[in-house]
Amino acid sequence: MPTTPGIRPEVRTLPPPGSLAPAILGRDPAVMRALETARRIAGCGHPVLLRGETGTGKELVARAVHLASPRCRGPFRAVNCAALPAGLLEAELFGAARGAFTGADAPRQGLLEAADGGTLFLDEIGDMPAGLQAALLRVIEDGVVRRLGEVEERRVDFAVVAATHRDLGRLVAEGRFRADLLYRLGRELRLPPLRERGGDVLLLARAFLLEAAGGGPPPALDGGAEAWLLAHPFPGNVRELRWRVLSAAALAEDGVVGRRELDGDGEPAPAAAEGPLPAAALAGGPSAARILEALRRGPPLGAGALVRETGVPRRTLQRALAGLVREGGVLRAGQGPSTRYFLAGSGMLPVRTGAGMDGPPAEGSRKEPIFEIGEGSP
């Protein structure tokens, strides 16, 4: 694949086993490690468990794992376990005999049979009802499936890729997910949210501008647009970025996308603070230093987002924040859950923002881009 930054990588419809293209465009080390592990697991046909927030590209990576596996010429079947009631999900997975329930006028093949020889993608498996978890475990372990209303068992052979935004280990501890099924789902691979991928956001944005151009010259991003993209937390991750960029490209004038085309409410993007941390970091100890280091990169954050970014326990963080506000190192805007904190003297404005933030581009990351167009449709 080409390695020149800014050049769209080649996208093949059927990559050979061992390749994960098309997958994720980026140079973030965490993404590259996850994809390399997925590539190795795919070559062995072992189960894969993908964990990530909505919009991080879980279904896209699942399809890439399928295309990189020895089963790449077999079917790829997907089901969202959170989208259907338990009864419908059971029929969707296992199929049904004629007369098994009202409306079953003909025998119906389920996705477990339809995936035979290929890959079954179980999206949001953390939302699967407990009874279905047990039935699915038996299919995975024994390789047989029985349609609803039938006695006959049919042999099936497929690879499993599962995905969730939940912590399945915690669900096991709470008795809401079967430990034996979790063990059978294979190694968990975390797909980082876009706010943790640093400069990848600009790489992705330019790829989506190429997509919007449809083969013609793509619009360019001006400096204000780039600053806004780097500051925005993107709670919807790559899916949100793609939607914003495609919409902005349609609104662009003279072939240039600005901040106003990207930001629908027209709020100014906060600028990142530069220079050494203020003396308040030393006076407040290591917790204060970590808070200030997070805030210096912007945008203004709430307490919950700061807990996630710094790893400081909530009570410790609240005490440190109170001290920093008293010392004048941190300013506060808003009240209650909407409260946001930002670094004094940074030139930041208390804008509305979601949880999370973008960090600086990672050093020493791989140069080879791997293509991504989000997770499903935007």
Task: Those helices (runs of 4 or more DSSP H) lying entirely in segment 275-317 with at least 1 residues at pLDDT 80 or above and either of a type in the set (Lys, Arg) or closer than 27 Å to residue 228 by Cα (or both) - done: 303-310
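Is it the case, given these coordinates, that residue 181 is in contact (Cβ under 8 Å) with a residue 24 or more places away in the chain and within 22 Å of the chain's Cα centre (by Cα)? Write out each step before concluding.
Details: in contact (Cβ under 8 Å) with a residue 24 or more places away in the chain: yes; within 22 Å of the chain's Cα centre (by Cα): no.
Taking the combined requirement at face value, the residue does not satisfy it.
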Task: Number of the exception - residue 157 against (1) outside any loop (DSSP other than H, G, I, E, B); (2) surrounded by fewer than 15 Cβ atoms within 10 Å (Cβ to Cβ) - done: (1)
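Being touching a residue at least 12 places away in the same chain (Cβ under 8 Å), closer than 30 Å to residue 134 by Cβ and of a type outside the set (Asp, Glu) narrows it down to one of 176, 170, 206, 197, so name that one.
Details: 170 fails: touching a residue at least 12 places away in the same chain (Cβ under 8 Å); 206 fails: closer than 30 Å to residue 134 by Cβ; 197 fails: closer than 30 Å to residue 134 by Cβ.
Only one candidate passes the filter, namely 176.
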Task: Any hit, segment 66-89, residues being assigned to a loop (DSSP other than H, G, I, E, B) and on the phi > 0 side of the Ramachandran plot - done: no
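Inspect all residues belonging to segment 90-103 and state whether any of them is within 26 Å of residue 64 (Cβ to Cβ) and either touching a Ser or Thr at 6+ places or on another chain (Cβ under 6 Å) or modelled with pLDDT of 85 or more (or both). Break it down stepwise before answering.
Filtering segment 90-103 for residues within 26 Å of residue 64 (Cβ to Cβ) gives 92-93.
Applying the additional criterion that residues be either touching a Ser or Thr at 6+ places or on another chain (Cβ under 6 Å) or modelled with pLDDT of 85 or more (or both) yields 92-93.
The answer is yes; a qualifying residue exists.
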Open item on the list: Can you confirm whether residue 74 is assigned by TED's automatic domain parsing to the domain that holds residue 178 and touching a helix residue (DSSP H, G or I) at 6+ places or on another chain (Cβ under 9 Å)?
Closed with: yes
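Only one of 194, 185, 181, 204 is in contact with a strand residue (DSSP E or B) (Cβ under 6 Å, 6 or more places away or on another chain), surrounded by 16 or more Cβ atoms within 10 Å (Cβ to Cβ) and closer than 30 Å to residue 41 by Cβ; which?
Working: 194 fails: in contact with a strand residue (DSSP E or B) (Cβ under 6 Å, 6 or more places away or on another chain); 181 fails: in contact with a strand residue (DSSP E or B) (Cβ under 6 Å, 6 or more places away or on another chain); 204 fails: in contact with a strand residue (DSSP E or B) (Cβ under 6 Å, 6 or more places away or on another chain).
Just one listed residue meets the conditions, 185.
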TODO: Please state which of the following conditions residue 162 fails to meet, knowing it meets all the rest: (1) small (Gly, Ala, Ser); (2) at pLDDT 95 or above; (3) surrounded by fewer than 23 Cβ atoms within 10 Å (Cβ to Cβ).
DONE: (3)
Task: Residue under evaluation residue 86, criteria (1) in contact with a Lys or Arg (Cβ under 8 Å, 6 or more places away or on another chain); (2) of a type in the set (A, V, I, L, M); (3) modelled with pLDDT under 90, criterion not met - done: (1)
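To keep it simple, each residue is scored yes or no on (1) modelled with pLDDT of 80 or more; (2) assigned to a loop (DSSP other than H, G, I, E, B); (3) not assigned by TED's automatic domain parsing to the domain that holds residue 210.
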site: 13; (1), (2), (3): no, yes, yes
site: 16; (1), (2), (3): no, yes, yes
site: 22; (1), (2), (3): no, yes, yes
site: 41; (1), (2), (3): yes, no, yes
site: 50; (1), (2), (3): yes, no, yes
site: 55; (1), (2), (3): yes, yes, yes
site: 62; (1), (2), (3): yes, no, yes
Task: Total residues in segment 237-257, condition acidic (Asp, Glu) and either surrounded by 14 or more Cβ atoms within 10 Å (Cβ to Cβ) or at pLDDT 90 or above (or both) - done: 1
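The values are calculated or read from the model by the stated rules, or taken from the named source; none is laboratory data. Because the structure is a prediction, the values reported are computed rather than measured. We place every Cβ from the backbone using ideal geometry, glycine too, and count neighbours over all the protein chains shown.
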